[in-house]
1. Considering only segment A:62-76, state which residues are in contact (Cβ under 8 Å) with a residue 12 or more places away in the chain and of a type in the set (S, T, N, Q).
2. Looking only at segment B:158-177, filter to residues that are within 15 Å of residue B:127 (Cβ to Cβ) and in a loop (DSSP other than H, G, I, E, B); which one of those is most open to solvent (accessible area, probe 1.4 Å)?
3. If I ask for residues that are within 29 Å of residue B:385 (Cα to Cα) and β-branched (Val, Ile, Thr), which ones from segment B:423-467 would you list?
4. Specify which of the listed residues (B:381, B:321) is more than 18 Å from the chain's Cα centre (by Cα), away from chain A (no Cβ under 14 Å) and either more than 30 Å from residue B:579 (Cα to Cα) or modelled with pLDDT under 95 (or both).
5. Do we have any residue at all in segment B:344-365 that's more than 29 Å from the chain's Cα centre (by Cα), closer than 18 Å to residue A:710 by Cβ, buried (at least 16 other Cβ atoms within 10 Å of the Cβ) and not acidic (Asp, Glu)?
6. Take residue B:395 and tell me if it is among the acidic types (Asp, Glu) and buried (at least 21 other Cβ atoms within 10 Å of the Cβ).
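The values are calculated or read from the model by the stated rules, or taken from the named source; none is laboratory data. Note that this is a predicted model, so its numbers are computed, not measured. Cβ placement follows ideal geometry from the backbone for every residue including glycine, while neighbour counts extend to all protein chains displayed. Heads up: the accessible areas ignore ligands, DNA and RNA and are worked out on the full protein's heavy atoms, side chains in. Shrake-Rupley method; radii C 1.70, N 1.55, O 1.52, S 1.80 Å.
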Amino acid sequence: MAALEEEFTLSAVTLGARPDGLLGVEQTDRTDHFLVTDRSRTVILYKVSDQKPLGSWSVKQGQIITCPAVCNFQTGEHIVVHDDKVLRIWNNEDVNLDKVFKATLSAEVHRVHSVQGAEPVVLFRGGAARGLEALLAEPQQKIETVLSDGEVIKWTKFFVVFRHPVIVFITEKDGNHFAYVQMLHSRNLSKYTLLLEQEEKSVTRSFTASVDRKFISLMTLSSDGCVYETLIPIYPSDTEKNQRLVRSPLLKAVVSGAAPNGVTLAALDPDHVAVLGAPLPSSKECLSIWNTKFQTLQTSKELPQGTSGQLWCYGEHLFLLHGKCLTVVPCRCGASSLAGALGKLRRAQDPGSQTMPHFVNWEVAQGCEPGAQKSEQLRRILRRKKSEVSLQPEVPASEQLLSTIKNGSEKHIEVELRKFLAKWTPDSHAVLGDVVAALLGRGEAEPSFYPRSCLMQLLQTHALSHSLCPGLMDTALAKADVQMLQLCLRHFPDVPESLTCACLKIFLSIGDDSLQGAHVSMESVCEHSSSEQDESTEEQPEILRNGFSPGDSNCGTCEQELREEPQGPAAEAASCPVTPKRAALLNGILGSAYSETFLLPHLKDIPAQHVTLFLQYLYFLYLKCSENATMTLPGMHPPTLSQIMDWICLLLDANFTVVLMIPEAKRLLINLYKFVKSQISVYSELNKIEVSFRELQKLNQEKNNRGLYSIEVLELF
Amino acid sequence: MNLRMGEFKVHRVRFFNYVPPGIRCVAYNNQSNRLAVSRTDGTVEIYNLSANYFQEKFFPGHESRATEALCWAEGQRLFSAGLNGEILEYDLQALNIKYAMDAFGGPIWSMIASPSGSQLLVGCEDGSVKLFQITPDKIQFERNFDRQKSRILSLSWHPSGTHIAAGSIDYISVFDVKSGSAIHKMIVDRQYMGVSKRKCIVWGVAFLSDGTVISVDSAGKVQFWDSATGTLVKSHLVANADVQSIAVADQEDSFVVGTAEGTVFHFQLVSVTSNSTEKQWVRTKPFQHHTHDVRTVAHSPTALISGGTDTHLVIRPLMEKVEVKNYDAALRKITFPHRRLISCSKKRQLLLFQFAHHLELWRLGSTVATGKNGDTLPLSKNADHLLHLKTKGPENIICSSISPCGSWIAYSTASRVFLYRLNYEHDNISLQRVSKMPAFLRSALQILFSEDSAKLFVASNQGSLHIIQLLEGSFKHLHTFQPQSGTVEAMCLLAVSPDGNWLAASGTSAGVHVYNVKHLKLHCTVPAYNFPVTALAIAPNTNNLVIAHSDQQVFEYSIPDKQYTEWSRNVQKQGFHHLWLQRDTPITHISFHPKRPMHILLHDAYMFCIIDKSLPLPNDKTVLYNPLPPTNESDVFRRRTAHAFKISKIYKPLLFMDLLDERTLVAVERPLDDIIAQLPPPIKKKKFGT
């Protein structure tokens, strides 16, 4: 899981304090030191851990820095360009920028790039790139122009791939974007046209890129709020001059496209991107980290004072302008794994009676599955139709809904939500998470606001999971809303064990009178009506023992006890120890996913009398199970025998010493003990019978055997 | 009733009482991607894992040579050792045993090659560990290590070559190779689930480069020892019975153990938590592909290989290591040899079955009834067991053949070729051995009679082919085709044309040679193909040579024209149906219909097929196997869907199939249940109350 830590401000100046922000933040050869370049005249070297500046340099009045200062990792010197053409190189010891090394170049510089392990590279506005050494050897050398007229560099990045420096830059001309990949060693320049879907009138707002073995993965944040990915081959596959690249959607609606300020994104590691921007048009700007693999929002931080829409990421530090201060937000990105996110999968055998909650299929997200594209197209058609009809400016339904949630009445929200859900498709589940978060957020602000029916409706979509709306269950627990908890337990695949246990506590402790009013789904509970009970009690003694009669067993000592046994369980089985509603809730717990190791510590916190009650209920269920030959309970989604047994074992494991001390539990324990004992005898009998059955099977096989020799007729078709 | 085109009477034979010997050792060679397998009767087989797991070579067994250990050394040299106390080296070119050398330590229980491949280490009954130096053409005894108290059952060499671990009874010793002295003795706990067993046999050890020794023993434990301190680090109880074998991957990140319960467990070195560097061995996957003891396991880079008493060789690919999820990623279970054990006399309707130490001759029954598809016809005469011919001496039979007329039987062991003359007088049969076989006929890899039974073709293991003229009760040596200069590759497959003019012979790797028998000279050589030949036959009249390869390709080559036929070119152009190429057993026999020159009959262990060259080839969209009779479909549909491959999967496992006459087939099946019934009962596992 990725996490953002407490931010801190780099003290000192409120930098140039222009609304359009900084020119750049760059790494230096010391891990903790960063060069910050102002948009006007100043370069400051910061030591981040001490939150203080180590040095500051300014160019003369009248000069203006045109490209962020960088550090030459090979020499430790700093490089800056002012007035487009003048290159300055200086050391930490130098005080006056005017007196340091100066080289005037023949063409306008776009940027100087420097990364660890490579010589700095100067990229000119015309698209040519030069190594610093080669340039300094002959500063006035002629620089060719690669780009066509009117083509402007929008974004650049410098990588070292297998010790080969590669520079990537994106240009724009007449609304079209082009990507250039230049291998500096081989001076090999490839040009690609970035294709957008034509219908989308989106404008690309921000770029970031990461590199792996063969491809540069270019991520773009578009004005429609989505992140797209484009793979650019580092080594051109063929010599064809103008190749086309198609982008594929990676994340949907991470920010609101209509946000006033700039939005930006930065790749943190192969699986995480940081996005800066407002999630809703009206909301404050947020810094959020998204997992691109699972398409989940990992964490986010609100930035109430607004930002300049710029974000730099180096190692574990994110730099941004918050208000007028340069702020550093440390972040960590752990390795993400699906296995970690899921416990045991519930009802794996259940043959699709319920649509499983929608997990994000990350294959789909990359756009290679036809279905995804289809729904995409479908939606586009829908959208077009709508616009034809209403002829209104197009506002995404989700945004409209979110704004309603902000300040609408509960009734109004409900109506809007219903409208929204009617058009909702499963692949935009992240939006649902946002909706829930917005509802809960408002609930936090106004304690009286608890949009229960809205949340219920959202839960019924089966598309939510705990990780998508982490606050939902906590809120429901706080409100002791058992119906909501029951739904959550049923529909969430990833309820943490601590919450499962908290639910269990509530379910066991909630008063019968408050249960009376709750609308609990009863489908997992069969009618344990007493009339039915009466019919079955008569046959029970035989069935209970699975046909095993202690009379023929060689276990002489237990014979006596077993003879006495039947009345015990029969009497106990006659009545369910809990009300049907409570039983339905408890069944929800039995059906939820868990890992033993994580559940056990929480089970220890349950009060003793509740443990006893739950054990009694489980024992009752077990007896019900044993009543029929298939060892199942009637009803829709009843708990299975193995779930019941697992929970009995878990409860006893967690609370054995406590249970031993309670007088009421004594009888229960004795019964369980007897059961185990009789079960062992049954199994030993079964093992004996198995041998006889095998002999029978063998005889049967011989009958089917066709004999050693025959003449048959065969026709081939 | 008029029999229709594809209609046959099939003699369905299940009395071939063949039981493959159990697998004792497997040894994987990474360099050549080959697998050597030794069986309890001493047979050693070589499987080429790159060629669709084809069993390309074999060395016949020997009664007194029970192999206990098998290993590759010096690159691609193969050694075995066994309870007769001898170390053998196999000649993989000539397919014979190069030499046998007594180690003078009593029965040998274990053998292993050094990491460099230049030395061999054997563990003997008398507790000695002996080091042999491998010289270019032999091995040479170098020295003994410190003698131990009891037999050395398992050995493993530290990858650096400085230390070895030796598993014995109740303890494991660690030796310093330089001094030959034991530096640690690690006592294995005899206790088994609280009950003290008599002895704890260390069936296998593995020495890892970090100094860990892994042992498997008869108490069902897999244990990890620190060889530096001689202490037990970790113990896994994996079975209620013996754990009999262990094999470690070259990267030392995974290993596999086999138990007497038939289970194979995969252990992997995995990080304790994600992205931590601390790793531990975890039992990851159990596989239950065997019913009986897994006597041996091997770990190739991409698969777990196991074999044991139940005679199956199981190759289980590791899905995470398989890059392409194609058919190679499927589990392979190899049970039957990839060569013919049955020959047939069409004229007299006789079947000759080859066993390890005897031959059986059977006469097929007959019926006068007719019926429709699927009917079993009443027999008017049952099949007869005519002859049981036991070999003399301890050697296994390599190959055998009965002449088409039924009057000659020939077979060969590793040292002699035998020829018998059969006389039929009414119901009596008499057998007369042809004595004085020529001295050069020492051992044959393949024997074949000509169609008119007048000539005998013998492929010797020196690469030469002998032609012998058969006369009433005697014979005459006609000619010997010497191998191509410079090659010593043995020929394993022979085919003769029905007119007796052409002889085709194929080795394991080079192309197929075609000889002119009339002029006694080499006629041509079919271009070599990447995959070994699995079956050969020459069609009557056209003299087209049909060749099946282990990658399931079938070629037709015209001998008179010295080129591939038009049909074969077409097939290559269009390609075979993907399901055809995905079959996992090789074609072992090809024959032809005497009246239908367009038909080719061939079979593997799970299907037999008639290829009708006059029909269009199936493409990947057509249904290759059409099991249902097209009764209710219109003629048009039938014509549209008809394609060249008529396949039947009724008979399986099918060891042999041939046409007796134009309307009669003989199919020899060997149901797996019948084999299992002859094996000792497996260890019983509780089904309830575990």
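1. A:63, A:66, A:72, A:74 - these are the residues of segment A:62-76 that are in contact (Cβ under 8 Å) with a residue 12 or more places away in the chain and of a type in the set (S, T, N, Q).
2. By that ranking, first place goes to B:170.
3. The answer is B:429, B:434, B:447, B:458.
4. Being more than 18 Å from the chain's Cα centre (by Cα), away from chain A (no Cβ under 14 Å) and either more than 30 Å from residue B:579 (Cα to Cα) or modelled with pLDDT under 95 (or both) holds for just one of B:381, B:321, which is B:321.
5. yes
6. Here the answer is yes, as residue B:395 does meet what is asked.
Residue by residue, here is whether (1) in a loop (DSSP other than H, G, I, E, B); (2) under 17 Å from residue B:347 (Cα atoms); (3) among the basic types (Lys, Arg); (4) open to solvent by less than 50 Å² (accessible area, probe 1.4 Å) holds:
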site: B:418; (1), (2), (3), (4): no, no, no, yes
site: B:438; (1), (2), (3), (4): yes, no, no, yes
site: B:446; (1), (2), (3), (4): no, no, no, yes
site: B:451; (1), (2), (3), (4): yes, yes, no, no
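Per-residue answers, yes or no, for (1) in contact with a Cys (Cβ under 9 Å, 6 or more places away or on another chain); (2) buried (at least 16 other Cβ atoms within 10 Å of the Cβ); (3) of a type in the set (Asp, Glu); (4) touching a residue at least 40 places away in the same chain (Cβ under 8 Å):
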position	(1), (2), (3), (4)
B:524	no, yes, no, no
B:550	no, yes, no, yes
B:564	no, yes, no, no
B:573	no, no, no, no
B:623	no, no, no, no
